[in-house]
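Only one structure is covered here, and it is reproduced in the block below.
The values are calculated or read from the model by the stated rules, or taken from the named source; none is laboratory data. Please read these numbers as outputs of a predicted model, since none were measured by experiment. The accessibility values were calculated without ligands, DNA or RNA, using every heavy atom of the protein model including side chains. Shrake-Rupley method; radii C 1.70, N 1.55, O 1.52, S 1.80 Å.
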Amino acid sequence: MDYLRYYLNCLLPLAAIAGFLLGDQWVWLGIGTLPLLLVADTLSPQDYTPRNIKNGALADVVIYVQTLLVLATFVAFAWRAHVGFDPAMGSLEPWIASAAVLIWIGLIANVGAAHELMHRHNPLAAFIGKLGFGIIGAPNRDISHTVSHHLYFDTARDYDTGQRGESVYRFVPRCIWGNTVDEIEFERRRLAAQGHGLWHWRSRILWSGPILLALLGVMYWAGGVPAVLVQLAAMIGGRILGEALNYLQHFGLLRVPGRAIEDRHTWNHLSAITRILGFEITNHVEHHQDPDRPYYALKPRPNGPQMRNILLWGIAAFFPPIWNRAIQPRLKDWDLNHASAEERALAREANRRAGWPDWLGETTGSSPAATAH
């Protein structure tokens, strides 16, 4: 069962592919999985059970299948754009439906598997992972994620860490811009160490351009300008919403660089559905402690900070008053009961800058328990 449960992910792109193949109003089928998944995740119990998987090669099959099905969803859209939509849908509805489906599938069905491949040390996996992130407009995410984020997470230097008082609307452009600058700079340094310039043929930055142009070129051939606009919407919308989900992963948490990574240093999302959907990336802290550990070997950490439902939290992030009311009590608990003495000092300053209550100044004599929850 532990091998098979991850194949539930395949239902999302399969529904979208079926919708494009059937045509008519069925093109909405892929986005119809959104409310179903919201309800399923809300009702899903917390799952703290480690996976009993011994055959890594067999467990990896589903990652490649999932990523290829996501790519096939975009091919199915291109085919539907080429043969045409039902005229009864009007001139705009099929394109709007298609954009919504591709954003949803390119994000929710894609990122967990593409992230897993990004961390694998073989060229095929890395290339497929790059394609997975390329379709949501982030073909160089492997650079900033593996080089920058894993080194600097929970610090002000990390563009993937949301700061206290920072709305998702401020975070997303800062994250995209900062990571793009990092990607160019890290790749320039890597190539310079080999005696090459940034635009050498081995540059990962250079190769990201043809990947994006090829995607847009296929769409133009298939469906002309409208199909290109849908693909651009999938890239832009997928990137923005992807970074919005990224906003949740470390929001407000603090870490002193160089200190050991403890359970308290990431938010975890451990519902049974979320664990499957994210290919266990929601077992977040162990991934940071050992980025090369495969998804099925990551163990849940119930003592770390928890967010119950990642999809609902992601929606709440777009409503800052709701977000602040929900997140502040959890960060107060983190400051008082999880943080180290050094982190409490950082937290008090972060709360001051954010204009939040000074709950650390209101309490004295508390002894933080580094891993208590």
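Structure above, values below:
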| quantity | calculated |
| --- | --- |
| Tensor-based shape of region 180-246 (alpha-carbon gyration tensor, a/c under 1.5 rounded, otherwise prolate or oblate) | oblate |
| log₁₀ of I(q)/I(0) at q = 0.07 Å⁻¹ - the chain, Debye sum with one point per alpha carbon | -0.32 |
| Three-way shape label, region 19-107, alpha-carbon gyration tensor, a/c 1.5 | oblate |
| Debye log10 I(q)/I(0) at q = 0.15, 0.16, 0.17 Å⁻¹ for region 1-157, Cα point scatterers | -0.90, -0.99, -1.07 |
| C-alpha center-to-center spacing [region 286-365, region 1-56] in angstrom | 28 Å |
| Largest to smallest accessible area among Ser148, Ser167 [probe 1.4 Å] | Ser167, Ser148 |
| Accessible surface of region 210-341 [probe 1.4 Å, protein heavy atoms]: carbon and sulfur percent | 69 percent |
| Three-way shape label, region 211-264, alpha-carbon gyration tensor, a/c 1.5 | prolate |
| Accessible heavy-atom area order of Trp359, Trp199, highest first, probe of 1.4 Å | Trp199, Trp359 |
| Per residue value of the accessible surface for the chain (all protein chains in place, 1.4 Å probe), Å² | 43 Å² |
